[in-house]
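First up is the structure itself, then whatever we jot down about it.
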Amino acid sequence: MRKKYYLLLTFILTLVVQVGFAQTKTITGVVKEAGTGDPLPGVNVTVKGTNIGASTDFDGKYTIKAKSGDILVFSFLGYKTVSKKVGNNNVINVALQEEKEMLKAVTINALGVEVKKASQKAIAISNVKAKTLLSSGESDPVAALSGKVSGVNINLASGDPGASTNITIRGPKSILLSNKPLFVVDGIPIVDDIYGSGVAGVERPSKIADIDPNNIESIKILKGGSAAAIWGSKGANGVILITTKKGKKAKKGQFDVTINSSFSIDNALTKFPLQDKYGQGSNGKYVPNYDFFKESGSWGDKIADRSGDPDMTTYDPNNEQGSLYFVDQDGKIWGMPIMKNSKETYNKKNYDAVIGTGNTLRNAVQISTATDKARYYLGFSHLDQTGIFANSYYKKLGVNYNSIMKPNKKLTIKTNVQYSNTKQNAIQKGSNLSGLLLGLYRTPADFDNSGYFGERHEYGVVTKYSHRSYRQPVGTPYKGRGYLGQSAGYNNPLFTVYKQKDPYYSNHIITGTNFSHQTLEWLRLTAKAGVDYANEKADEYMPVNSADAVTGYYDTYIYSYLQISGDLIAQINTQINDDITADILLGYNIFHKEYDYNESTYYDFILPTDVPNAGNAVNEKKYPGFGTSVRRKNSGYGTATISYKDLLYTTLTGRIERSSAYYGLIAYPSVSLAFDVHNLDYFKKQDSDLLNQLTLRASWSKVGNEPPPYRLHTYYYPASDGDGYGSYWSASDYGGAFWRSIIKGNPEIQPEITTELEFGADIKMFDHRLSLNASYYDSKSTDLILYEKVPAATGYLYKWNNVAEMTNKGYELEASYKIINKRDLGLTLGGTYSKNKNTVTKLKGSDYIGMDGFISTSSGVAEGYGYGILRSGDFKRDANGKLVLDANGFPQAGEKIFAGDPNPDFKASVYTNFNYKNFSLRVLADGSFGGQSWYGTYGALTYFGRTLETANEVTVDGSVVNSRGETVQSLVFSHQIAGVDNGDGTYTVRGNVQDFGAGDVLLDQTWYTGIGGGFGPVGTQFFRDATWIKLREVTAGYTFKGKVFGMSKIKSVYFGVTGRNLYLWTKDKRWNIDPESNLSGSSKGRGLQYFNHPTTKSIIFRTTITF
Amino acid sequence: MKTYNKLILILAVLGLFSSCKKFVEGYEKNPTGIDYTVVDQEMTAVMLENQFFQKADGLRIAMMWLNQATGSDRQYVTLDDWNKASGSDFNGPWNEVYITMTHADIVEKQADADGNIILRGLAKLYKAWAGGEAASLWGDVPFSQLNQYELYPDPAYEHQGDVLDQVQDLLDEAIADLNSGVGRITPERDIYFEGNTSKWVKIAHGLKARFYLHRHQPQAYALALAEALQGPSDVSDDLYAQYDSNDDTPYSKWNPTKQFLESRSGYLDASEAWARTKLLNGLRNNVKTKDYRKAYNYAGDGLNAASGATGTGKFFGDMPMVTYGEMLLIATEAELRQHPDATGINNALTHYNNYRNLLAAGEYMGGYINSHMKYDSYDATDFDAGGIENQDNIDPVQAFFREIFEERYIFFIGDYESFIDFARSFNDPIVPEYMKLHYNSNGPLYSGQPLRFIYPQVEKDANANFPGMVDVNEALPLYQ
């Protein structure tokens, strides 16, 4: 590593080899103001490193004597200083830019407090501006960061409207606790907990998505531990600082108004291809049966070989009383097919009925104004999204108010209020009999899903509220609980979207105030307080006859959280001597977080209805619940930055915390060092535009991840137990009883600790054209909290304890180069690169802990492997890894192995920004390289005979056997397979031929529904290389400036078109879904694909009008 | 001066911080968290966990391995073969039996502190019961270091025999406590006997009889007999696991096997079960016996978990745990063990015919009374060579032992006793092979014999004193 830095340094030094001496000459020129072009009188012009100086006259003109190679420095109060090198030309004209409120010297730190830039020198920060957020077209600010920042991993779980996005910075730091960064909005830490995402269920919005990108000025990503150290136990996962828009200076009494509107057309990015050659059935035949579930698989007859007549069904129009049939929602009659004759297939029709084009309409109005002593901003935003899944939507209304007041010279008061109201209807997903894609993709090609709901007529007996699905072609019979076969099997997807409901409703308010007083020249006192409050309701309604809840299920979950944070801060500046300055910040914080919920669950409905109604369950089938959790913390913190000249900056931070979640005081220290190499005299003298900045950084930090509340004591619970196989008991059925928890509380529990060592460099070269930020980090997370297993005879099964360890090491790089940098023409090329290697180095008491997934394949942690390692059953292999074949020449099931690492080797992105006059073009592509995913969807659909692969036809010799040892000849002869005898000893049958090592064998239904399919014990055959590249964003825009359409009030109008996720490339061509999507959403499991909802691609039209 | 000011400021901030311990104090406890319980409530929980341990996941494995049931889908296909079972399959049963013991221990200590001696006795009974079952299924297990996390974070394993000795002592203490007349078992909290201590005393004796029988040692049989005669002496003394699998009843109250069959449809049936296809399929019948218990245990090719006009399936409703029937079977075996001769046969027949009379009256078959049913009394000649229970002309004592073990195999379908019978008798030369355990209609099943429960993976992971995995085919210490 060190070697590389030397190389880099040498390289830079080589570049700055300089020119020789030259003779003195007279230079003249004009200095103007950059924005207006007005001449600037009184500007100081000096020759750098000498006493020679001059100033501009009334017309901005100056004259000075200098040598070729000298540097002229133009400085003027309130304007940015400009340096120009004297070359061959004797005329040097300069435009000076107004320095806006000393922005150059001040920045915000992790707390959201304004500090001197010096204190942030040693920190790895990525900045994302409002413009790039908006042009992404994402309504979730986190999703909008995709591909734009190095060291950050963002996963868009699915294309559900409002679905949450997962974000981790520099790898996961915890196994059990959150790996999400801390979000700080205008200095207020906000809650970003998400509920209800697993292998099934629905995707809910994250709280951070409540902040509309329209209202965001910029996002700063503080990646390293040293950057976040001031947050102590909240800093382990990094910090994302969101700065909202503030009022702009407008001409007195005037308003600055911006209207931002966009409309997007959204479609599924991927579509799983399904076979339409073979119909429903088994062993090459359609099997009519009346009472039980119909055949789940598509292993039936060849559709092309049918007569083409209408199907023969159980419906006889002349004898309805004696018929078995279904009358659907539109009055259409469906009989149970007895014989399949029709050649019609419905793959497209079934798909289009539930997945189509969605759209999003977004409008935002921003008004700002200012007086001498105050600036105000008011933003309204509205989003109305219709999802690509029928009946899914996401609506968001936001109001954002900001003010900055300066009643006197010393006092500044900032106020911020953000309110949002969110509504969503989500669609059941994943491993879920009532999920959308599970039923859709499994539906055989020859089954028409369009009739989904109505009446079942069974020889004169009518069952209302019946659900028609491919396994119940004349609707579900309802005959009371315990009657096998009454379920729809898998939901008709139309029933999923139109009859099940999953509404979500949220009111969210974030407010903050900040009083800052420059009490003394060297002392600034600040008091700030923030409140984040949200009240939400997330319901799940499955009416009677939903496949997953045959007798009906309703869950209503109302919860609120409140987070209050208050700080007192003192900032002290001291000039110790001419060379050394010290900036000290001392603070004290109190923190209170409260979470309350009320949940009611209802089972076994009295009346079959779509209307959720609490009275629709008998009292014994209503289960209410409530709970509260409060966490309090207070902390003292401080940071001291000692600057030596403009060369060396040392920053020490420390935080001491006391929390209700553990006993004792914990200290979090960090130290960082920055060295501005470019300010060395040697480089200053060069006066070349080659090297503008070279800052070398090094830091060490210790940050934490706080334990969840209430792990200190052992509690008593209503007694119950179960065996994980559906058998369980509850004492409440026997008069009720409380007993001691099987999990032992641990008064010694402590926060998880992450220590990180980081090196980095920030480089700007070639007149600021090249910008390069590079970091290397090596972090170790220790004392990770787990339920440690303890021997049952101790009286407990688990104990909360700090037992596991994990490391993250990686590089990250952000670079950009302005290839063309002219006033009217610009072209920038840039990119990011991140590589993180995560290893679980210690896991006490377990070989493996599963976090998400299934018995066959799951994602979890194991010592020596990366976080989220995929564990799956493999084929039986000998010592050399060779397949052990059975007597028929087929592989057999073997042991479970660690089959794949879902973590990518690296992630990278490239972008280019082009502008010509008022036209701009932006292209961004990003990708994830390496890593593996388990493609469970493919495995399952193989089992059902729905993948293209399973519908192949092969011509083979009659002696070839299938996995049961049956010859093709005998299979065709006994009509156990779809196929024909070619009369020459060969047979053309459905299936594939493969040689596992003992000669050709036939992979047919017996193989695919056994070991060769997704429900068999061998999951490894469905692992795929997860490498993907996405054309994330293409934005073209045009800005009309000045009078537009003859309207003098309009300052500018922008028109833009963005293509979002236009193209997806996968390394493994067999992917038909987005490898970036993840079954368990933003929860812990990684690399799992099982009927995930597709992600979306969009075309977005946007206009911005500024008045 | 300036520096001085700054110092004061720093100290002020630090002072502010340290004074604010109060801000977090009191918030470390869950406001909805409960940190104690009422001891008689916890006793109910102990009863329920004990019956769950005996009738849920562990039982299903025992039934598959004894060929009383068949694993037929997903993981249960693998689990059907004891050689393919692993420690993680036994995490559940192990945790359940130790949770039972632990909470019995908590109740015992609290009742002791409260001075409720009778309740203390009941808690001891339960601790002994669960401990005895653990030792009989796994062999060497932790017992005396139970529920003392601070002292024994890795409880030591004790010899199977030592555990059973402690169990007998504890049951003696339990009997003394239950007879003390001091305190009471809250009737509403006793799901079996509504606080009737005399019935519990009988159960304690019944358990003593059972665990003496498990010793499988000559000197234990006299003790087993004596205790069996003080155990439940009428079907009204029987202890049945309490379930209600009716549709209107909460699912959590259903029979665990019924719950399993419902939620894991197809996993478990009796399609290949020797008990169903052979033994209960007429094999027991002779001129004195017409056995109709197949219908009680099985329905179609599955386990009977239904309730109908003709009676209640074994896996639908309450299930026997400690019964008068078992006492008579213990007495029968104990008599014959003590006197493996004509005297013994005569003495044993008294108990055995009493047992058969119960069957004839329709007991232990869920009300499936059939007019053709017949359980006439046997006499000694029936076990003589050529007698109706000795058609293959073996030694009469052996023939009687065969009868006892065949009968126990059927009586204890749905109970660990039949599994323990197999474990203790497999190497016993006096017991003729009575179960075609490793065969079914399709020929040989799996290799070896399931002679024990496998130690759970959790112990391997968590207990520093874990003695190491023992193969399922290896006999328990007492039966080697």
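The values are calculated or read from the model by the stated rules, or taken from the named source; none is laboratory data. Source: prediction; values computed, not measured. Here Cβ is always computed from backbone atoms with ideal geometry, including for glycine, and neighbour counts include all displayed protein chains. We work out accessible area using only protein heavy atoms, side chains counted, and drop any ligands, DNA or RNA first. Shrake-Rupley method; radii C 1.70, N 1.55, O 1.52, S 1.80 Å.
Numbers for the structure displayed
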quantity	calculated
Candidate set from region A:722-773 (those that are in a loop (DSSP other than H, G, I, E, B), hydroxyl-bearing (Ser, Thr, Tyr) and surrounded by 19 or more Cβ atoms within 10 Å (Cβ to Cβ)); member that is farthest from the other protein chains (Cβ to nearest Cβ)	A:TYR725
Filter pass, A:ASN283 being touching a residue at least 40 places away in the same chain (Cβ under 8 Å), buried (at least 17 other Cβ atoms within 10 Å of the Cβ) and in contact with a Leu (Cβ under 8 Å, 6 or more places away or on another chain)	no
Meets criteria (within 14 Å of chain B (Cβ to nearest Cβ) and out of contact with any Leu (no Cβ under 8 Å at 6 or more places or on another chain)) for A:LEU797	yes
Output for region B:222-246, where each listed residue is outside any loop (DSSP other than H, G, I, E, B) and either surrounded by 22 or more Cβ atoms within 10 Å (Cβ to Cβ) or in contact with a Pro (Cβ under 8 Å, 6 or more places away or on another chain) (or both)	B:ALA224, B:LEU225, B:GLU227, B:ALA228, B:LEU239, B:TYR240, B:ALA241
Region B:158-167, subset away from chain A (no Cβ under 14 Å) and open to solvent by 10 Å² or more (accessible area, probe 1.4 Å), residue farthest from B:ALA226 (Cα to Cα)	B:HIS159
Whichever residue in region A:691-721 is aromatic (Phe, Trp, Tyr) and touching a residue at least 60 places away in the same chain (Cβ under 8 Å) and, among such residues, is farthest from the other protein chains (Cβ to nearest Cβ)	A:TRP700
Checking B:SER144 against (1) closer than 20 Å to B:PRO456 by Cβ; (2) in a helix (DSSP H, G or I), the condition it does not meet	(2)
Inter-residue pairs, beta-carbon under 7 Å, first on the phi > 0 side of the Ramachandran plot and in contact (Cβ under 8 Å) with a residue 40 or more places away in the chain and in region B:402-431, second outside any helix (DSSP H, G or I) and charged (D, E, K, R), 6+ apart	B:GLY414/B:LYS314
Pairs, first more than 22 Å from B:TYR240 (Cβ to Cβ) in region B:317-341, second charged (D, E, K, R) and open to solvent by 10 Å² or more (accessible area, probe 1.4 Å), C-beta under 8 Å, six or more apart	none
Breaking point among (1) in contact with a Phe, Trp or Tyr (Cβ under 7 Å, 6 or more places away or on another chain); (2) buried (at least 16 other Cβ atoms within 10 Å of the Cβ), for A:PRO41	(2)
Subset tally (residues that are out of contact with any Phe, Trp or Tyr (no Cβ under 6 Å at 6 or more places or on another chain), more than 20 Å from B:ARG293 (Cα to Cα) and open to solvent by 40 Å² or more (accessible area, probe 1.4 Å)) for region B:330-371	8
Test for B:GLY367: is it free of Cβ contacts under 8 Å to residues at least 60 places away in the same chain and within 30 Å of B:GLU262 (Cα to Cα)	yes
Subset of region B:250-261 [in contact with a helix residue (DSSP H, G or I) (Cβ under 8 Å, 6 or more places away or on another chain) and either facing chain A (nearest Cβ under 8 Å) or assigned to a helix (DSSP H, G or I) (or both)]	B:PRO250, B:TYR251, B:SER252, B:LYS253, B:PRO256, B:THR257, B:GLN259, B:PHE260
Selection from region B:400-431 of residues that are surrounded by 21 or more Cβ atoms within 10 Å (Cβ to Cβ) and outside any helix (DSSP H, G or I)	B:PHE412, B:ILE413, B:GLY414, B:ASP415
Criterion: in contact with a helix residue (DSSP H, G or I) (Cβ under 7 Å, 6 or more places away or on another chain), open to solvent by 10 Å² or more (accessible area, probe 1.4 Å) and free of Cβ contacts under 8 Å to residues at least 24 places away in the same chain - qualifying residue of B:ASN281, B:ASN285	B:ASN281
Filter result for B:TYR76 (open to solvent by less than 10 Å² (accessible area, probe 1.4 Å), more than 24 Å from B:GLU406 (Cα to Cα) and more than 20 Å from the chain's Cα centre (by Cα))	yes
Residues that are open to solvent by 20 Å² or more (accessible area, probe 1.4 Å) and either of a type in the set (A, V, I, L, M) or in a loop (DSSP other than H, G, I, E, B) (or both), drawn from region B:292-311	B:TYR292, B:ALA295, B:ALA299, B:GLY300, B:ASP301, B:ALA306, B:ALA309, B:THR310
Among the residues listed as A:TYR376, A:TYR394, A:TYR459, the single one being at pLDDT 90 or above and open to solvent by 20 Å² or more (accessible area, probe 1.4 Å)	A:TYR376
Selection status of A:ASP676, touching a residue at least 24 places away in the same chain (Cβ under 8 Å), surrounded by 17 or more Cβ atoms within 10 Å (Cβ to Cβ) and more than 14 Å from chain B (Cβ to nearest Cβ)	yes
Condition check for B:ARG210: open to solvent by less than 10 Å² (accessible area, probe 1.4 Å), more than 11 Å from chain A (Cβ to nearest Cβ) and more than 20 Å from the chain's Cα centre (by Cα)	no
Output for region A:680-702, where each listed residue is open to solvent by 60 Å² or more (accessible area, probe 1.4 Å) and more than 28 Å from A:GLY225 (Cβ to Cβ)	A:ASP681, A:TYR682, A:LYS684, A:LYS685, A:ASP689
Output for region A:629-647, where each listed residue is within 14 Å of another protein chain (Cβ to nearest Cβ) and among the aromatic types (Phe, Trp, Tyr)	A:TYR637
Residues satisfying the stated conditions in region A:614-628, i.e. open to solvent by 50 Å² or more (accessible area, probe 1.4 Å), of a type outside the set (A, V, I, L, M, F, W, C) and touching a residue at least 12 places away in the same chain (Cβ under 8 Å)	A:LYS622, A:TYR623, A:PRO624
Selection within region B:17-69 - open to solvent by 10 Å² or more (accessible area, probe 1.4 Å), more than 7 Å from chain A (Cβ to nearest Cβ) and in contact with a Ser or Thr (Cβ under 6 Å, 6 or more places away or on another chain)	B:ASP40
Some residue of region A:837-848 being touching a Leu at 6+ places or on another chain (Cβ under 9 Å), over 16 Å from A:ILE785 (Cβ atoms) and assigned to a strand (DSSP E or B)	no
Some residue of region B:135-157 being in contact (Cβ under 8 Å) with a residue 60 or more places away in the chain, of a type in the set (Asp, Glu), within 10 Å of another protein chain (Cβ to nearest Cβ) and surrounded by fewer than 20 Cβ atoms within 10 Å (Cβ to Cβ)	yes
